[in-house]
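Asker: Before anything else, here's the structure in question.
The values are calculated or read from the model by the stated rules, or taken from the named source; none is laboratory data. This one's a predicted model, so the numbers in the text were calculated from it and none came from an experiment. Backbone-built Cβ (ideal geometry, glycine too); neighbour counts: all protein chains shown. Surface accessibility is based on the protein's heavy atoms, side chains included, excluding ligands, DNA and RNA. Shrake-Rupley method; radii C 1.70, N 1.55, O 1.52, S 1.80 Å.
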2 protein chains.
Amino acid sequence: MSELFIGIDLGGTNIKIGCFDSEIKLISKSSSPTNADMGPGVVIDKMAAMIERLLSGAGVSMGNIQAVGVGSPGPARYKEGIITAATNMPKFRNVPIRQMLNAKLGIPVILENDANAACWGEYVLGAGKGVGDMVFFTLGTGIGAGIISDGKLLRGEAGNAAELGHMIIYPNGRVCNCGQRGCAEAYASANSTAKRATEAIEAGEQSSLAKALEQNGQITSQDVYEHLKAGDDLAKKITDVTAEVLAILCVNALHATEPRRIVFAGGMSAAGDELLNRIKDYFDEHLWSLQSEAVEICFAALGEDAGIIGAAAMAREVQ
Amino acid sequence: MSELFIGIDLGGTNIKIGCFDSEIKLISKSSSPTNADMGPGVVIDKMAAMIERLLSGAGVSMGNIQAVGVGSPGPARYKEGIITAATNMPKFRNVPIRQMLNAKLGIPVILENDANAACWGEYVLGAGKGVGDMVFFTLGTGIGAGIISDGKLLRGEAGNAAELGHMIIYPNGRVCNCGQRGCAEAYASANSTAKRATEAIEAGEQSSLAKALEQNGQITSQDVYEHLKAGDDLAKKITDVTAEVLAILCVNALHATEPRRIVFAGGMSAAGDELLNRIKDYFDEHLWSLQSEAVEICFAALGEDAGIIGAAAMAREVQ
C-alpha cells in the first residue's frame, strides 16, 4: 500500500473520486454532486473532504498518496493547472485548481482535460491497450476527444488539442455551442442527436418519440436509441445522421493522426452494435480507395470509471 | 567537413539532391529529371550516380557522409523504407528503396514522406523555427501536409499520418483522386484550383482565363493567380473557394493538434498576400468564439529547397 494514486473526474454534475494502487487497480471510489454553482472554493473544499473520507474509509493514510490527477472540462490552461472557462461550470473562471488543491492536500496535483484523462485510461487499461496510436471519442453534452500518438497523449501548444468534435464537416451547417457552424458535435453528440429528434417532431414528423416528448417535455439520446430498437423510422433517420457524421469524423481523424484504433465511449453505447456497425459502414463508404486501412472502430471498455482510472494513471505518469 | 548529410527530394518529375554540413548548411546541390518510367532500378542507380557526382564536384569524399535522407511521395511503409504505391510513379510498387540505396552507397539511409521532410525542414530552419507545434501544407498536384507535435514529427501507426488534404470538408462533394468525395485536396490543391477554373470556363463563364485555356490547352494555378491580380472576376471566385477550403482545413487542423503556426508552401505562394489574407479572413469567420487562438498562418520560408533541407535534417536526427 505504499504507492497510491487518486483520480478525480470533475464534471458539471458530479465529482467522482477513486483511490488506486500503483497498478491502477481500484481500491475504493465515491461520487457526489458537484454543486458547481457554489463556486470553486466550496467545490475544492468538497473534493479535499471527499478524498479524506474515501481514504479513511479504506484505511489508507494520506501519506501513501503519491499524486492526484484531476480531469476537468476545458477550455483550460492545463499545463499551468488553471481552469479558465469550463462550459458547464459558469463560476469557474481562471481557477488555479492545481495550486489550490495542492495547498489543501500537500500532495502533487496534475490537471488534465477530462476527455484526455478518459482517453488515457482506455489507452492504458481499456480498449486501446496494446496499440501505440489511438483516437478516443466520448459522446455526451458535446463530443470529447483524445489522441494518443506513439504512446503519448497529444496535447498541442497549450493543452487544448484533440477538440475533434469541433472539426467542421458541413461548412455553414448547424450552429454549434462553440460558435462555429457545421461541427461534428452539432450533429452527433448525445445532446445534438436528441435535439435533432426534437426538432423533427416539432416540425411535424411522425414518430413514436412524439409521445416521449409530450410526456417528459424533452427527448434524450437514450430515448432515440430505445425507439430505434423498437423500429421507429424517425429514430432510425436521426441515428443514421449521427452514424454518418461520426464516420466522417473517423475518416478525418484517421487522416490526421493515423490511429490503429478509434474508441467510442459515452451515451451512444446504449445504441449498441446497431449504431457501431452503421458507423463502420459509412466509414467504408466515405474512406479512400488509395490503400486499405488497418484501423479498428470499437466501443470503450472501462465504462464510467474511465475518467478516474485515466486521471490516476496520469498522476502515476508524472511521478 | 567530417560530418556531412545528404538530403534527397524524390519527386515524380525531378530528383533533387543536396549535400549539407552538420548545421544543415547547404554545401552543394543538383537536380535532374526522375525518368520514373524507367523503373526503380534505373532511378536508384541514377540517384547514386548523382550523389557521387555532387560529392566529387564539391571535393567531398563519400566517407564524410553520415547518412542519407530520402523524401518520397506516399503511400509507403516509411518505417520499413519501402515505397508501396507512389501515385506519380506507377512503376514504383513495393520498392525497398532504403535497402537498395544503402546497398549501393554503404551509408545509412532513411525514407520519409516528402511533405513530412519539407515540414521538418521548415520546422528546423524555416517558418516553424522556435515553435513546438506546427502544421505544414504544401499545395501542388495534391495537398501534402506535415504535423509537428511537441517538437516531433507526428507519424501515426504506419507513417501515413498528416494526410490532412484528405480530410472531408464537403461530404458527397467533388471526387478526389484518392477515391473519396469532398476532400480539401479536391478543391484547393494547385491542380484542383486550376481544374475548377477550366470547368467554369468550359461551362460558359466569362473570364480573361478563357484565352489562356485556348492558347495553352490548359490552365495552371499560376494562370489563375496572375489573372486574379489583373482583376478577373472568375479568377477571384475560384481563388475565393480555394481560400475558404484552406481556412476550414486550418480550423480542423487547429482542433486536431493545436499548432502554434500553420505554414503554407508550394505553388500558392505565387498568389501572395492576397490569398493568404483571404485565408485568414475565412479562418476568423469559421473559427469558434469559445476562446481566442494564438495560431499564426504564414507562408513557408525555405522555398523549393525545403525538401532536401528537411531530408538531410532528418538524416542527421537518426544519427
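Asker: Hey, what angle do you get for helix A:114-125 against the long axis of chain A, alpha-carbon based, 0 to 90 degrees rounded to 10?
Answerer: 80 degrees
Asker: Apply the Kirkwood formula to region B:173-319: the hydrodynamic radius equals the inverse of the mean of 1/r over all pairs of different alpha-carbon atoms; give it in Å with one decimal.
Answerer: Roughly 16.8 Å, rounded to one decimal.
Asker: Go from 0 up to the bin containing the longest alpha carbon distance in region A:120-206, width 5 Å each, and give me the % of pairs per bin.
Answerer: Taking all Cα pairs of region A:120-206, the binned fractions are 3, 14, 18, 18, 17, 13, 8, 4, 3, 1 percent.
Asker: Work out Dmax and Rg for region B:42-147 from the C-alpha atoms and quote the Rg first, both in angstrom.
Answerer: Cα-based Rg and Dmax for region B:42-147 come out at 15.2, 40 Å.
Asker: Using the crude model of +1 on Lys and Arg Cβ and -1 on Asp and Glu Cβ, and no other charge, please compute the dipole size for region B:220-319 relative to its Cα centre, in debye to 20.
Answerer: That gives region B:220-319 a dipole magnitude of about 240 debye.
Asker: With the dipole of region B:139-252 worked out from charges on the C-beta (+1 for Lys and Arg, -1 for Asp and Glu) around the Cα centre, which of B:Gly146, B:Leu213, B:Ala158 lies farthest toward the positive end?
Answerer: Going by the charge dipole, the pick is B:Ala158.
Asker: Could you tell me which residue out of B:Tyr282, B:Ser22, B:Val295 lies farthest along the dipole of chain B toward its positive end? Charges go on the beta carbon: Lys and Arg +1, Asp and Glu -1, centred on the Cα centre.
Answerer: The residue sitting most towards the positive pole is B:Ser22.
Asker: Sequence gap at least 6, Cα distance under 8 Å: using those rules, report the relative contact order of region A:26-176 to the nearest whole percent.
Answerer: Relative contact order of region A:26-176: 18 percent.
Asker: Next question. Over all directions, what mean area does the Cα convex hull of region A:214-273 project, stated in square nanometres?
Answerer: Mean shadow area of the hull around the Cα atoms is 4.9 nm².
Asker: Can you give the accessible area per residue of region A:217-274, in Å², using a 1.4 Å probe?
Answerer: About 32 Å² of surface per residue is accessible.
Asker: Compute the relative contact order of region A:193-319 as a whole-number percentage, counting only Cα pairs closer than 8 Å that sit 6 or more residues apart in sequence.
Answerer: Averaging sequence separation for qualifying contacts and normalising by length gives 23 percent for region A:193-319.
Asker: Sticking with this structure for a sec: Return the value, in Å² to the nearest 100, of accessible area buried between chains A and B (probe 1.4 Å, both sides summed).
Answerer: Rounded to the nearest hundred, the buried surface is 3500 Å².
Asker: Express the carbon and sulfur contribution to the solvent-accessible surface of the protein assembly as shown as a percent, rounded to the nearest whole number, probe 1.4 angstrom.
Answerer: That fraction is 46 percent.
Asker: Turning to a different aspect of this structure: In region B:251-293, which residues give up 40 Å² or more of accessible area once the other protein chains are added, compared with their chain alone (1.4 Å probe)?
Answerer: B:Asn252, B:His255, B:Ala256, B:Glu258, B:His286, B:Trp288, B:Leu290, B:Gln291
Asker: So for the protein assembly as shown, what are the equivalent ellipsoid semi-axes in whole Å, largest first, each being the square root of 5 times an eigenvalue of the Cα gyration tensor?
Answerer: Taking √(5λ) for each Cα gyration eigenvalue gives 45, 32, 21 Å.
Asker: With +1 on each Lys and Arg Cβ and -1 on each Asp and Glu Cβ, and nothing else charged, work out how big the dipole of region A:125-266 is about its Cα centre, in Debye to the nearest 20.
Answerer: Approximately 320 debye in magnitude.
Asker: Then there's this: Would you tell me the mean number of C-beta atoms belonging to other protein chains that fall within 10 Å of each C-beta in B:176-186, as a whole number?
Answerer: Mean shielding by partner chains, rounded to a whole number: 3.
Asker: What residues have an amide H closer than 5 Å to that of B:Ile110, excluding those fewer than 5 places away on the same chain, when H is modeled at 1.01 Å from N in the peptide plane?
Answerer: B:Val68, B:Gly69, B:Val70
Asker: If you wrap a convex hull around the alpha carbons of chain A, what volume per residue comes out, as a whole number of Å³?
Answerer: 139 Å³
Asker: Let me see the P(r) profile for region A:16-68: every Cα-Cα distance counted, bins of 10 Å, each bin given as a percent of all pairs.
Answerer: 23, 52, 23, 2
Asker: Return the chain B residue and its Cβ-to-axis distance, rounded to the nearest Å, for the rotation relating B to A.
Answerer: In chain B, the Cβ lying nearest the symmetry axis toward A is B:Ala256, 2.
Asker: Ok, one more. Can you work out ³J(HN,Hα) from phi for every residue in region A:264-281, in order, using Karplus 6.51 cos²θ - 1.76 cosθ + 1.60 and θ = phi - 60°, giving whole Hz and x for Gly and Pro?
Answerer: Values, residue by residue: 9, 10, x, x, 5, 4, 4, 7, x, 5, 4, 6, 4, 5, 5, 4, 5, 4 Hz.
Asker: If you wrap a convex hull around the C-alpha atoms of region A:46-91 and split its volume per residue, what is the figure in Å³?
Answerer: About 93 Å³ per residue, rounded to a whole number.
Asker: A:Asn94 label points, 7 Å along Cα→Cβ, one per copy: pairwise distances from this copy to the rest in nm, shortest first?
Answerer: From this label point to the equivalent ones elsewhere in the assembly: 6.2 nm.
Asker: Rounded to the nearest 5, what % of DSSP beta bridges with both residues in region A:1-126 are antiparallel?
Answerer: The answer is about 60 percent antiparallel.
Asker: Under the rule of -39500 (n - 2.57) per DSSP H run of 4 or more residues, summed and divided by the residues of chain A, what mean residue ellipticity at 222 nm is obtained, to the nearest 500 deg cm²/dmol?
Answerer: Using -39500 (n - 2.57) per qualifying helix, the result is -12500 deg cm²/dmol.
Asker: Still on this structure, I have one more. So, with +1 on the Cβ of K and R and -1 on the Cβ of D and E, and no other charges, what is the size of the charge dipole of the protein assembly as shown about its Cα centre, to the nearest 20 debye?
Answerer: Here the protein assembly as shown has a charge dipole of around 980 debye.
Asker: Residues with amide H under 5 Å of A:Ile27's amide H, sequence separation 5 or more or different chain, H placed in the peptide plane at 1.01 Å from N; which?
Answerer: For A:Ile27, the qualifying residues are A:Cys19, A:Phe20, A:Asp21.
Asker: List, in order, the whole-Hz ³J(HN,Hα) value for each residue of region A:189-203 obtained from phi through the Karplus relation with A = 6.51, B = -1.76, C = 1.60 and θ = phi - 60°; use x for Gly and Pro.
Answerer: Whole-Hz 3J(HN,Hα) from phi for region A:189-203: 5, 4, 4, 5, 4, 5, 5, 5, 5, 4, 4, 5, 5, 5, 7.
Asker: Counting only C-alpha contacts under 8 Å and six or more residues apart, can you give the relative contact order of chain B as a whole percent?
Answerer: RCO, chain B: 21 percent.
Asker: Rank by packing, highest mean first: peptides A:169-177, A:191-199, with packing defined as the count of other Cβ atoms within 10 Å averaged across residues.
Answerer: Highest to lowest by the protection proxy: A:191-199, A:169-177.
Asker: So, one more: Quick one: label points 7 angstrom along Cα→Cβ at A:Gly179, distances to the other copies in nm, smallest first?
Answerer: Sorted ascending, the copy-to-copy spacings read 4.0 nm.
Asker: So, one more: 5 Å is the cut-off here: which amide hydrogens, built 1.01 Å from N in the peptide plane, fall below it relative to A:Ile15, excluding neighbours closer than 5 in sequence?
Answerer: A:Ser32, A:Thr34
Asker: Continuing with the same structure: Within 10 Å of each Cβ of B:158-166, how many other protein chain Cβ atoms are there on average?
Answerer: Taking the mean over all residues of the peptide, I get 5.
Asker: A further question on this structure: For region B:83-98, take each phi angle, set θ = phi - 60°, evaluate the Karplus expression 6.51 cos²θ - 1.76 cosθ + 1.60, and give the result in whole Hz per residue in order, putting x for glycine and proline.
Answerer: Along region B:83-98, the couplings run 7, 8, 6, 4, 4, 9, 9, x, 7, 8, 10, 6, 9, x, 4, 4 Hz.
Asker: When the scattering of region A:68-113 is computed by the Debye formula from its Cα atoms alone, each counted once and equally, what is log10 I(q)/I(0) at q = 0.22 Å⁻¹?
Answerer: -0.65
Asker: For region B:74-228, with the dipole built from +1 on Lys and Arg beta-carbon atoms and -1 on Asp and Glu ones, taken about the Cα centre, which of B:Gln222, B:Cys176, B:Met89 lies farthest toward the positive end?
Answerer: Projecting each Cα onto the dipole axis, the largest value belongs to B:Met89.
Asker: Another question about this same structure. Kindly give the distances from B:Ser2 to its copy-mates, label point to label point, with each label point 7 Å from Cα along Cα→Cβ, as nm values to one decimal ordered shortest first.
Answerer: Listed shortest first, these distances are 4.7 nm.
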